[in-house]
1. Once you order the gyration tensor axes a ≥ b ≥ c over the Cα atoms, which shape class does the chain get: rounded for a/c under 1.5, otherwise prolate or oblate by comparing a/b with b/c?
2. Which one, G110, S42, A53, projects farthest toward the positive side of the charge dipole computed for region 6-128 from Cβ point charges (K/R +1, D/E -1)?
3. Charges only on Cβ, +1 for Lys and Arg, -1 for Asp and Glu: so what's the dipole of region 322-389 about the Cα centre, in debye to the nearest 20?
4. Please identify every one of the trypsin sites (Lys or Arg not before Pro) in region 201-254 that sits in a loop by DSSP and has no more than 14 other beta carbons within 10 Å of its own beta carbon.
5. What FRET efficiency do you get for D354 and R122 if R0 is 41 Å and r is their Cβ-Cβ distance, rounded to the nearest 0.05?
6. Mind giving me the FRET efficiency for S186 and L207? R0 is 30 Å, r the Cβ-Cβ distance, nearest 0.05 is fine.
7. What percent of all Cα-Cα pairs in region 1-41 falls in each 5 Å bin, counting up from 0?
8. Taking region 134-237 as the region of interest, what is the percent of Cα-Cα pairs per 10 angstrom bin, listed from the shortest bin to the one with the maximum distance?
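The values are calculated or read from the model by the stated rules, or taken from the named source; none is laboratory data. Just so it is clear, the structure is predicted and the values come from calculations on it, not from any experiment. So basically every Cβ, Gly included, is an ideal-geometry build from the backbone, and we count neighbours across all protein chains shown. Just the protein is used for accessible areas: all its heavy atoms, side chains included, with ligands, DNA and RNA removed. Shrake-Rupley method; radii C 1.70, N 1.55, O 1.52, S 1.80 Å.
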Amino acid sequence: MAIYTAEHKQLMQMFHPTKHQEYSEVLSSLGSFMEKEILPLSPKLDAGEASLAGPRSALFGQGMSLIPFPTKYGGLGLPFSVYATAVELLGTADASMALSVEIHNAVAEGLLKFGTEAQRERHLAPIISGRKLASFALTEPASGSDAGTMATSAEKRAGEYSINGSKMFITNAGEADIYLVFAKTSKGPSCFLLESSSPGLKFGAELKKLGMRGSKTREVIFSDCRVPEGNLVGEEGRGADYAKEILHGARIVVAALNVGISQLAYGKALAYARQRRAFGRPIADFQLVREKLADTKIGINAGRLLYLYASRIKEMGGDYASEASQAKVYATEMSLKACDDAIQIHGGYGYTTDDLHRHWRDARLLTIGEGTSEVLRMLISRRELARSQ
Ligand SMILES: Cc1cc2nc3c(=O)[nH]c(=O)nc-3n(C[C@H](O)[C@H](O)[C@H](O)COP(=O)(O)OP(=O)(O)OC[C@H]3O[C@@H](n4cnc5c(N)ncnc54)[C@H](O)[C@@H]3O)c2cc1C
């Protein structure tokens with residue numbers, strides 16, 4: 001199965017008429033690596049029979065995380081849409097790997113935008129090259145969508161901050177070397193960079209999940225966790241703005257990830273519909289089966305165009321918050337339907353085959369994580385009402 005297809009290539013040509021060959025080479029090479037090294041491992045990652053760590057390092061070695069970052073820090077300096085497309089390909093190869101990598105990259109984007117030059121020089125190159133794994137810690141046991149009500153506190157004392165509290169559902173926690181942590185100071189939510197060796201930093205047990213089982217999710221606990229003053233990212237009290245800005249970009253990428261999951265489920269549904277026979281003919285001959293295949297194909301193309309559109313606005317320096325959320329809401333909900341239809345087309349085998357229902361289980365996370373569909377619909381409507389004034 002080719003992960004980087006002629007359709008992706010054509011879209012690169014449309015979105016980047018002068019540089020598409022260069023971008024396509026990067027994506028085609030990453031796609032081939034994913035096909036050989038990650039896609040075959042995916043069922044084992046889901047079953048807990050393989051670890052993400054080794055193949056993720058190998059993927060970093062292929063330059064996956066370098067794509068959108070400036071050459072000054074060792075990145076490739078390519079457009080965000082090229083990076084988002086790479087995450088789509090990774091979503092096809094293994095969704096849990098794509099989740100782990102997109103969160104890692106979101107931290108790098110946050111550091112690039114809001115970190116000091118000293119923080120960027122020290123941490124960006126190791127993160128984007130994958131020598132250090134990063135984790136983003138915003139959600140708490142009692143505050144998710146309403147992140148402004150966070151209870152985790154950071155108190156300044158003698159040249160350092162003491163952080164107390166905990167963060168819930170944190171991807172890459174326990175494995176990561178760097179944590180971007182949001183905690184309240186007297187000025188409001190603020191953002192800090194923590195290293196895994198920080199005193200007072202602990203982790204809960206690995207959480208059992210419906211899907212995305214290759215990636216690790218844990219609680220992160222801070223007990224008088226000491227952080228040097230120089231690890232404050234940006235300004236005290238601006239953490240909520242930084243988190244929002246980081247999440248806008250991440251939502252484009254989550255949309256791409258879900259298009260990738262849908263693409264794989266759709267490929268399996270197409271193949272099965274051709275091969276499975278009922279009433280003397282392939283089930284692909286039945287109009288009601290064809291309707292599902294047609295709707296999934298429309299959904300995949302629409303989801304892809306939405307995330308590329310949001311990426312392009314971001315590349316052009318525009319306000320892309322609404323478009324990023326539109327792409328995420330649409331692609332994540334479309335993906336659930338695409339995976340559900342793939343199960344339906346497989347009949348009883350769809351319900352009983354791990355390697356098929358895992359696509360639905362993986363996709364199920366993303367109408368929740370990084371902004372629930374409900375909250376994003378509020379964001380979209382708020383922005384669009386403001387734009388229409
Ligand atoms: C596997 C996994 C990995 C994750 N990884 C990370 C990570 O790396 N870093 C991180 O910081 N977080 C992470 N999260 C947390 C995730 O982002 C949150 O779960 C998500 O933001 C929702 O928060 P919540 O779970 O507290 O739900 P809540 O905010 O409590 O929402 C519960 C329900 O209420 C609805 N709701 C809330 N407010 C409104 C409203 N105003 N109007 C209508 N409906 C509303 C929500 O849409 C939802 O349906 C992860 C979660 C999971 C499950």
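1. Numbers: a/c = 1.75, a/b = 1.62, b/c = 1.08.
Prolate shape, in that a/c is at least 1.5 and a/b is the bigger ratio.
2. G110
3. Here the size comes out at about 320 debye.
4. Values: sites: K202, K208, K209, R213, K216, R218, R226, R238, K244, R251; in loops: K208, K209, R213, K216, R238.
Loop-located and lightly packed - K208.
5. Working: r = 42 Å, r/R0 = 1.03.
For D354 and R122, the calculated efficiency is 0.45.
6. Numbers: r = 32 Å, r/R0 = 1.08.
Computed FRET efficiency for S186 and L207: 0.40.
7. Final binned percentages: 5, 27, 28, 19, 12, 6, 2, 0.
8. 17, 51, 27, 5, 0
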